1. Please report the net charge: other residues with Cβ closer than 9 Å to the Cβ of SER10, K and R +1, D and E -1.
2. Normalise the Debye intensity by I(0) for the range 33-83, one equal point scatterer per Cα, no solvent, then take log10 at q = 0.27 Å⁻¹ and round to two decimals.
3. So what is the relative contact order of the range 32-95, in percent, for Cα pairs below 8 Å that sit 6 or more residues apart?
4. How big is D for the range 1-109, in µm² s⁻¹ as a whole number, if Stokes-Einstein is applied with the Kirkwood radius of its Cα pairs at 10 °C and 1.306 mPa s?
5. Please give me the summed charge of the neighbours of VAL114: other residues whose Cβ is under 13 Å from its Cβ, Lys and Arg +1, Asp and Glu -1.
6. Mind jotting down the distance between the C-alpha centroids of the range 1-43 and the range 55-130, whole Å?
7. Quick one: Cα convex hull volume of the range 65-132, Å³ per residue?
8. Going by average Cβ neighbours within 10 Å, how do the peptides 31-37, 17-23 rank, with the highest at the top?
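Each value in this text was obtained by applying a stated rule to the coordinates, not by laboratory testing. Predicted, not measured: the structure shown is a model, and the values here were computed from it. So basically every Cβ, Gly included, is an ideal-geometry build from the backbone, and we count neighbours across all protein chains shown.
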Amino acid sequence: MADDDARTVSELIKSSGRIGMLTTTAPDGTLTSRPMALQEVEFDGDLWFFAERVSRKVAHLAAHPGVNVTVGSGTTWVSLAGTATLEDDPAKKKELWNAGVEAWFPNGADEPGVALIKVTGESAEYWDTPGGRVASLLSFAKAKVTGKPYEGGENETVQL
């Protein structure tokens, strides 16, 4: 991935907040999405989530490790495709542990049922509207007045 592309994807993920929609594939092929808290905001190609070791999402990963994570802020969206693995690294758990995670796992990072999901990004597609909502509204108005299609921002696909 080119440095500029990596930087853009990283900045968009960081600016989108701490919640991502993790999409997994069930053993029967059904897609399931659920909100998950991103545990590391510095995007280096990997995303990290805490999960209960005995959960439906973890069972999905065992059957189909290919996942998608989507983050967005209203004017910016990133869709990251990658491979998920279940990690049991005590040092990484402690590094990523925070008060928000403790609300879900009150017995701490060392609890046997606590695992990490590491998503290794393979590609990302992003949509960004520089200037935010005002720029979007102006682009919509321009399209309406001129009869030309909406040109609202940047859309790129990058290999990670």
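1. After counting each charged neighbour, the total is -1.
2. The calculated log intensity ratios at q = 0.27 Å⁻¹ are -1.32.
3. 20
4. For the chosen part, D equals 107 µm²/s.
5. Taking every Cβ under 13 Å from that of VAL114, the sum is -3.
6. 8
7. So the per-residue Cα hull volume is 118 Å³.
8. 17-23, 31-37
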